[in-house]
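A.B. asks: Sending over a structure as structure tokens; questions will come in a sec.
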Amino acid sequence: MIEYKMELKKLDNKEKELVDRALKKLEKQIDIIESTGTPFEKIFNNDSIKYDILGKNFYTYKFVAENSSQIRILYRFVRKDNNLYTIECHKVEVKRRSGKEYIKKFEEYVKTYNE
């Protein structure tokens with residue numbers, strides 16, 4: 001299940017669509033890996049799912065669309081009962097230049113996050 005913990009109002013319609021597609025793709029990738037018997041918590045060295053690991057169960061997801069638009073999503077993985085899970089979308093950064101400036105914003109958010 002995907003849950004938004006942020007306002008998407010700052011994004012235009014195309015960016016919102018890309019975020020939705022990215023999160024659905026992430027969910028599908030996690031489902032495929034978990035169907036092989038590997039739980040999310042045991043996924044290592046897979047930067048297509050966990051591009052950056054920031055603590056408190058926060059990760060970044062790197063998504064590149066067909067038109068080369070790049071989006072970075074700060075998400076939190078929360079395991080529920082019956083082996084179900086939720087992907088919480090907390091922040092989105094539409095990359096317009098190279099570099100990892102977005103990571104400082106994400107790290108600051110994670111540092112101050114209270115459940």
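A.B. asks: Of everything in the stretch 9-25 that's open to solvent by 40 Å² or more (accessible area, probe 1.4 Å) and part of a loop (DSSP other than H, G, I, E, B), which residue is farthest from GLU115 (Cα to Cα)?
C.D. replies: Among those that are open to solvent by 40 Å² or more (accessible area, probe 1.4 Å) and part of a loop (DSSP other than H, G, I, E, B), it is ASP12.
A.B. asks: Can I ask one more? For the condition on the phi < 0 side of the Ramachandran plot and in contact with a Leu (Cβ under 6 Å, 6 or more places away or on another chain), what is the one hit in ILE43, ILE53, ILE2?
C.D. replies: Checking each option against the conditions leaves just ILE2.
A.B. asks: When you go through MET1, MET6 one by one, which is the residue that is open to solvent by 60 Å² or more (accessible area, probe 1.4 Å), hydrophobic (A, V, I, L, M, F, W, C) and in contact (Cβ under 8 Å) with a residue 12 or more places away in the chain?
C.D. replies: MET1
A.B. asks: Also, quick follow-up: Output yes when any residue across the stretch 54-66 is loosely packed, with under 15 Cβ neighbours inside 10 Å and either closer than 19 Å to VAL110 by Cα or modelled with pLDDT of 90 or more (or both), and no when none is.
C.D. replies: There is at least one residue in the stretch 54-66 that is loosely packed, with under 15 Cβ neighbours inside 10 Å and either closer than 19 Å to VAL110 by Cα or modelled with pLDDT of 90 or more (or both).
The values are calculated or read from the model by the stated rules, or taken from the named source; none is laboratory data. Since we're looking at a predicted model, the values are computed, not measured. We place every Cβ from the backbone using ideal geometry, glycine too, and count neighbours over all the protein chains shown. The accessibility values were calculated without ligands, DNA or RNA, using every heavy atom of the protein model including side chains. Shrake-Rupley method; radii C 1.70, N 1.55, O 1.52, S 1.80 Å.
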